[in-house]
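Notes for the one structure printed next.
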Amino acid sequence: MRAAWSSRLRRLALVARSSVDLVVGDAARNWARNRRTVTPAVGSMCVLLVLGALSVLAAVAVRNVLAASAADASVVRVYLREDATDAQVRSLEGRLRADRRVGSVRYVSPDDALREARQRPGLAQLISQAGGNPFPASLDITVRRLPDAGAVVTGLTGDPAIDPAFPSSYDAGTYQQLQGFITVAGAIALGVLLVLATVAAAVTANAIRAAILARRDDVAIMRLVGASGWMVRGPFVVEGTLTGVVAGVLGAGALVGLFAGAQAASARTFTEVLPGVDWPTALTCAGLLPVTGMLLGSVASLAGLRGLRG
Amino acid sequence: MRDKVIPIRRGIVAPGGAVEIAARVTVDDAIRFEGVSFSYGRVPALRGVTFSMRPGEMAYLLGRSASGKSTLLHLAHAQLRPGGGRVVSAGLTVGRLRGRSLRALRQRVGVVFQDYRLLERLTAVENVAYALRVADLALERGEAARLAAEALREVGLGERLNAFPVELSGGQRQRVAIARALAARPSVLLADEPTASLDEVNGGHVLALLERAARAGTTVLVASCDRELVSGRGRRVLRLDGGRLDGDAMPQPERREVAG
């Protein structure tokens with residue numbers, strides 16, 4: 001009984017090993033032999049993967065810039081009346097802290113406001129010409145979400161602590177423009193990425209399908225000698241996967257090279273080519289390229305095999 | 001004549017193929033066509049063809065171009081399904097075969113084509129070994145290569161084991177195809193114009209190999225349009241004309257002139 005089981009297990013192991021060899025081993029050997037046939041597929045995939053990765057890095061940079069702008073814009077300065085009492089100011093502060101839309105409230109004295117203004121280019125001279133301190137005391141309110149800024153400021157209308165003539169730094173037009181820009185920039189980035197992903201998938205599928213069609217006779221012969229579906233499709237899928245991995249590795253190398261070049265150019269010209277994109281982000285993106293290539297290659301070869309009958 | 005059906009019980013491996021199939025297995029005939037018809041669209045290729053071949057028998061299928069020879073072989077190899085009638089090949093009824101049972105038939109029925117149909121990316125020994133490995137997954141790569149080399153030596157290609165098809169002559173390629181077909185020890189071997197693209201000497205070698213396979217017990221059916229090639233071989237000749245079987249001649253005993 002035990003001997004029979006042992007024999008069955010040995011046969012099963014042999015079948016498994018032989019199956020893997022028949023699919024993976026043969027595919028690897030074929031891939032190495034047919035380097036010239038797969039080169040166009042590797043090349044087009046590599047270029048598209050690098051373009052896709054650069055788009056992702058550009059999107060990260062745009063997001064960083066927008067996030068910084070949004071962070072600046074989400075701080076609204078509410079100006080206090082000169083004759084506002086401490087109790088009125090404390091009451092206003094308490095009211096704001098109780099508001100869930102408000103992240104933080106900071107009291108800015110006239111001296112603090114003057115100090116900050118002097119640090120802004122061009123303002124120092126104007127302030128000295130004005131004589132004295134033209135800045136009133138204020139409260140800096142940071143709203144949690146940029147779209148809530150207008151509602152928070154409107155809600156403060158009529159508060160006895162606030163200057164009725166010039167209540168706040170909030171400018172509805174500027175905020176709406178920024179909101180609109182964020183929405184449009186996000187939609188454009190998403191659209192570009194989707195188009196690139198579609199083009200990458202289509203070009204890769206076509207390149208791999210061309211390679212498969214070139215071996216259409218092979219498929220027919222493999223079926224004629226008794227190969228089953230997985231024996232025929234398996235090697236093509238493995239070859240597609242291998243093509244994707246190689247394209248991904250080459251793309252990762254190219255991306256690292258391009259990023260290093262961009263960093264060097266930034267250092268020379270004191271400009272930021274990709275604001276907020278650092279080496280860890282670039283390396284993560286590069287590391288994901290072989291995985292993306294592998295998925296793209298296997299999916300494209302499966303798509304390329306659809307409808308191909310021997 | 002009714003089939004003698006051998007039931008294949010679940011869990012029992014059928015002889016000649018590790019498959020369990022719900023198909024009729026006959027012991028009488030290796031190939032049987034019963035009133036078989038086939039059309040390509042509206043163009044009839046075979047009309048009511050009936051014949052059978054015993055295990056180990058060799059026959060030539062003679063006919064002009066477009067007489068239906070290739071169609072008949074394709075039906076016997078389950079590359080086509082009969083439009084009417086019934087085809088039994090290597091004990092399996094072709095019309096019902098799908099999946100595993102279809103592969104079982106392809107493994108029991110070897111086929112040799114006029115255009116060789118070798119995998120150009122593989123060497124001669126790899127071509128033969130590939131067919132062996134898909135037929136039996138428990139066969140190790142090394143063992144398959146050894147058996148393939150043996151099969152190639154048997155057809156006289158021991159010196160060209162690692163040559164790619166493009167490096168071989170037509171006759172050598174055809175011998176690789178025969179080695180590939182015979183290596184898996186098929187019960188039936190179909191050959192479609194195997195000598196059509198070969199010169200007389202190479203054609204003679206190829207037919208000799210096929211006759212040797214028949215002597216070893218394989219049922220061999222060779223399609224040819226070359227009347228001279230077939231005559232005088234002392235084998236059964238099936239004649240196809242316009243898709244109809246219009247002759248089935250058994251070999252005649254040699255006549256001797258008596259002097260005086």
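The test for being part of a strand (DSSP E or B), modelled with pLDDT of 85 or more and buried (at least 16 other Cβ atoms within 10 Å of the Cβ) does not hold for A:Val47. Regarding region B:183-197, can at least one residue be identified that is within 25 Å of B:Arg64 (Cβ to Cβ), modelled with pLDDT of 90 or more, surrounded by 15 or more Cβ atoms within 10 Å (Cβ to Cβ) and of a type in the set (D, E, K, R)? Looking for residues that are within 25 Å of B:Arg64 (Cβ to Cβ), modelled with pLDDT of 90 or more, surrounded by 15 or more Cβ atoms within 10 Å (Cβ to Cβ) and of a type in the set (D, E, K, R), one finds at least one in region B:183-197, hence yes. Is at least one residue of region A:277-284 closer than 30 Å to A:Ala207 by Cα, surrounded by fewer than 18 Cβ atoms within 10 Å (Cβ to Cβ) and among the aliphatic types (A, V, I, L, M)? Looking for residues that are closer than 30 Å to A:Ala207 by Cα, surrounded by fewer than 18 Cβ atoms within 10 Å (Cβ to Cβ) and among the aliphatic types (A, V, I, L, M), one finds at least one in region A:277-284, hence yes.
So in region B:79-102, with the set limited to residues that are facing another protein chain (nearest Cβ under 10 Å) and touching a residue at least 12 places away in the same chain (Cβ under 8 Å), which one is surrounded by the most Cβ atoms within 10 Å (Cβ to Cβ)?
For region B:79-102, the residue satisfying everything is B:Leu102.
Under the condition of being over 22 Å from A:Ala113 (Cα atoms) and within 31 Å of the chain's Cα centre (by Cα), the residues counted in region A:152-173 number 2. Exactly one condition in (1) among the basic types (Lys, Arg); (2) closer than 21 Å to A:Pro235 by Cα; (3) away from chain B (no Cβ under 11 Å) is false for A:Arg29; which is it? Result: A:Arg29 fails condition (3) only.
Can you pull out every residue in region A:160-185 that is of a type in the set (D, E, K, R) and modelled with pLDDT of 75 or more? A:Asp163, the sole residue that qualifies.
Annotation note: of A:Val232, A:Val199, A:Val225, A:Val192, the sole residue that is within 14 Å of another protein chain (Cβ to nearest Cβ), closer than 30 Å to A:Thr292 by Cα and surrounded by 12 or more Cβ atoms within 10 Å (Cβ to Cβ) is A:Val232.
The values are calculated or read from the model by the stated rules, or taken from the named source; none is laboratory data. Owing to the predicted nature of the structure, the values given are computational and were not obtained by experimental measurement. All Cβ positions, glycine included, derive from the backbone under ideal geometry; neighbour counts span all protein chains shown.
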